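Okay, so here's the structure we're looking at.
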Amino acid sequence: MTVDNIWEQILDYSHRANPYPLYAELRRTPVAMLQDGAYVASGYAEIAALLHDPRVSSDFSHNPVAAAAAAGENGDGPGMSPTFLSMDPPDHDKFRRITMRHFGPPTTPGRVAGMEPRMTDIVTDLIDKMEGRTVDIVDELAYPLPVTIICELLGVAPGDEHRFRAWVEVALQSTDPGLDPETQQKKRAEAGKELRAFMEELVEAHRQSPGNDLLSALATDDGPEGRMPADQLVSTGLLLLIAGHETTVNLISNGILTLLRHPHELRRLRNDPDLAIPMVEELLRYEPPVHFIPFRTALDDIDIGGTTITAGSSITLLLAAGNRDPAHVADPDVFIPERRDNQHLGFGGGIHLCFGAPLARLEAQTALTAFARRLENPRLVEDPPSYRPSPFLRGPSHLPIDIDGVVARR
Ligand code: HEM
């Protein structure tokens, strides 16, 4: 099979449930050039090197495909300012620092840790409602926990969730086989515009009447590097809102699916809740929510993995293949929660290393521990479950399970 065939199959929905054999085949060419001139890196060492290489840019304006997707094919895209996710230094570093001032140490050390009791309460209430029926883990645990937390953290009213859920789904949809590409693009652009209008309204409300939340802090703070410009704040608010739950949903549902496929590990977690910490790291390696990072661009020729990525080429970093590279990790296809020195790529790496990692870790640890402790005899109703369409934000669309009952809350 050519690398183009392998890559096509990876993107094809029919391989969503188990893309790992294809990743192993692709890894035989750790940095592969596709027919259209783009490159895919799938070896651990090569991905790690590219993530740290200043000759690799995240700026979409260097990448015609990414720029077209962001702008909309007819220039009718959501027209949002780029966020620090798609910026290079020095702008990336400045806007990430301005945002981090209100999210984590050293300026705001308690923001994430302070949410832990709230996470436990939310999970307890969600599990209380599961008594005596088939439960959909995605809709009843994996989605509501992170979405409620990110809304509370940002200062989005609980009732507003339904306003952005459908727009986010459309905006993120990579392939809907039922729609022609033009209609898809139009729907994405409309959803993007609605999302932006929603966030503009929210930011303005928080600027006028600030609360104790992240958006209020960003809208009113004139810290050492100045206030974040209004359009930048709108884009950053949306980035945090979307990145802050879409990925964590998949971590929790991929995690529960993995535990149900490894009942011995589920029993161990039930008896030893501290196991949740290394277990979540192993899940980020073994079944990561983000399978690849698209749209990096080489700013110069880069010699790597026996090939030369030519300047101007688009690069995709296949994190999930790197995570299972036998040259990096022993028994890569085995789920081993207590691996030592688990240097996975689940949160990316380098200057764009996931901003929300501490929050995502805590949410997943809380959800998995409570799941193991309180649900009696949980069983998968279907295996594999149905998957969401995206090949890069990969996770089940629904995860129905049967249970015998729920252990009473403490
Ligand atoms: C399990 C959950 C999560 C996973 C697997 C994940 C994964 C990632 C990955 C792979 C990147 C690197 C992207 C790149 O290099 O282009 C990233 C960046 C980012 N993530 Fe996450 N993420 C998760 C949760 C979160 C949460 C909860 C938040 C917000 C509260 C968040 C906010 C961000 C932001 C803002 C960036 C951009 C960082 C930068 O460019 O400096 N993520 N994430």
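Summary table
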read-out	value
Residue, nearest to residue 109 (Cα to Cα), within the stretch 313-370, restricted to residues that are within 16 Å of the ligand (Cβ to nearest atom) and aromatic (Phe, Trp, Tyr)	355
Given (1) touching a Cys at 6+ places or on another chain (Cβ under 9 Å); (2) surrounded by 20 or more Cβ atoms within 10 Å (Cβ to Cβ); (3) not hydroxyl-bearing (Ser, Thr, Tyr), index of the condition residue 348 fails	(2)
All positions within the stretch 125-162 that are open to solvent by 30 Å² or more (accessible area, probe 1.4 Å), at pLDDT 95 or above and in a helix (DSSP H, G or I)	125, 128, 139, 140, 148, 152
Filter result (among the hydroxyl-bearing types (Ser, Thr, Tyr) and under 27 Å from residue 84 (Cβ atoms)) within the stretch 315-369	316
Qualifying residue in the stretch 109-116 (condition: in a helix (DSSP H, G or I), open to solvent by 60 Å² or more (accessible area, probe 1.4 Å) and free of Cβ contacts under 8 Å to residues at least 40 places away in the same chain)	no
Count - residues of the stretch 337-386 that are touching a His at 6+ places or on another chain (Cβ under 7 Å) and of a type in the set (Ser, Thr, Tyr)	1
Elements of type helices (runs of 4 or more DSSP H) contained in the stretch 1-73, each with 3 or more residues being at pLDDT 95 or above and over 24 Å from residue 85 (Cβ atoms)	3-11, 20-27
Which numbered condition residue 302 misses (of (1) within 16 Å of the ligand (Cβ to nearest atom); (2) more than 16 Å from the chain's Cα centre (by Cα); (3) crowded, with 21+ Cβ neighbours inside 10 Å)	(1)
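Let's see how each residue does on (1) under 16 Å from residue 251 (Cα atoms); (2) modelled with pLDDT of 95 or more:
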{"residue": "298", "(1), (2)": "no, yes"}
{"residue": "324", "(1), (2)": "no, yes"}
{"residue": "374", "(1), (2)": "no, yes"}
{"residue": "395", "(1), (2)": "yes, yes"}
{"residue": "408", "(1), (2)": "no, no"}
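The values are calculated or read from the model by the stated rules, or taken from the named source; none is laboratory data. Everything numeric here is computed off the predicted structure, so don't read it as measured data. Virtual Cβ from ideal backbone geometry, glycine too; neighbours counted across all protein chains shown. For accessibility, only protein heavy atoms count, side chains too; no ligands or nucleic acids. Shrake-Rupley method; radii C 1.70, N 1.55, O 1.52, S 1.80 Å.
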